[in-house]
1. For every helix of n ≥ 4 consecutive DSSP H residues, a contribution of -39,500 (n - 2.57) applies; sum these over the chain, divide by its total residues, and give [θ] at 222 nm rounded to the nearest 500 deg cm²/dmol.
2. Suppose the chain between residue 125 and residue 151 were pulled fully straight at 0.36 nm per residue; how much longer would it get relative to their current alpha carbon spacing?
3. Residue 38: net charge of surrounding residues, Cβ under 13 Å, Lys/Arg +1, Asp/Glu -1, itself excluded?
4. Just 146, 196, 93 to compare: in a GNM of the chain, with alpha carbon springs under 10 Å, which one fluctuates most?
5. Rounded to the nearest 0.05, what FRET efficiency is calculated for residue 132 and residue 88 with R0 set to 51 Å and r the Cβ-Cβ distance?
6. Sort 20-26, 180-186 for me by packing, meaning the mean count of neighbouring Cβ atoms within 10 Å per residue, highest on top.
7. Tell me, 45, 102 in order of fewest to most beta-carbon neighbours within 10 Å?
8. Using the Cα atoms of region 151-267, I'd like the radius of gyration and the largest Cα-Cα distance, Dmax, both in angstrom.
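Throughout, read-outs are computed from the coordinates displayed, never taken from laboratory work. Since the structure is predicted, the reported quantities are computational estimates derived from the model, not experimental observations. When we count neighbours, we look across all protein chains shown, and the Cβ atoms used for this are built from the backbone with ideal geometry, even at glycine.
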Amino acid sequence: MGARGRTSSQLVRKFADGDRGRSPDHVIVEEPLEIRLDGQRVATTMRTPGNDYELAVGFCLTDGLLAGAPVLQVRYCATGSAVDTKFNVVTVDTGGQAPAPTPRLTTTTSSCGWCGTDEIDAVTDRLTPLADRASFDPEILMAIPDRAHPHQELFAATGGVHAAAAFDLAGDILLVREDIGRHNAVDKVVGRLKLDATLPASQLGLFVSGRTSFEIVQKAWAAGFGTIVAVSAPSSLAIEAARRAGIALAGFARPGRLNLYTEPAAT
């Protein structure tokens, strides 16, 4: 295992420009993480190990499970040895202040698990449109992917992970997290900001290294991000959710180019 247990070395046959041979290749590790809230299992997600506390806290926040309750403690397991569960169980403790959670009935994969306009209605029922959001210069947004790229250590090693990042009005990258799942990477960023007591993130932007799905917008909305910028396209449902949330949603960002799909008025 490399990169602190997040990559694995595999012997592969390689073919390139007429040459062939066997050599090691680094691949990203994927393992399940069971997330518990006040001792009750709420989800199991397939993730890249690392920043697991952030992932668990971010998931509980963006899924609406905390409902404003404070996070008092985060720990591996809760009923025994973390070694016995291979560090694949994390409990978020609010001292019982969070509502009794309703667990997801299926495993959350490393791809997104929500879809449908009913989901937008459900999110709108618990989240209000953002009233205080920073307005970013498009030139700043165009530069964000290149500024985030040097921080993508796991992508450089494997080419097999997504990244999420928080950035400020000057375009400075404040925080980067990587994971095999796009939504996990976002939850890790949100979880770190929650643990640092810097939410809502209304004066920050959120960068994602792939496409923007509805779930990414939902998570950004829950964390208070007023701007999302991605290197790829958004889905139609993501655009609709961003409009309802009052989020500026940009895609296909690269130097000198940007598509702005929603452009709510700054306040």
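1. Mean residue ellipticity, 222 nm, calculated: -8000 deg cm²/dmol.
2. The residue 125-residue 151 span can extend by a further 5.7 nm.
3. Working: positive: 36, 41, 75; negative: 93.
So the surrounding residues net to +2.
4. Of the options given, 196 has the highest mean-square fluctuation.
5. FRET efficiency, residue 132 to residue 88: 0.85.
6. Top of the packing list down: 180-186, 20-26.
7. Ordered from fewest to most neighbouring Cβ atoms within 10 Å, 45, 102 come out as 102, 45.
8. Calculated on Cα positions, Rg and Dmax stand at 13.1, 41 Å.
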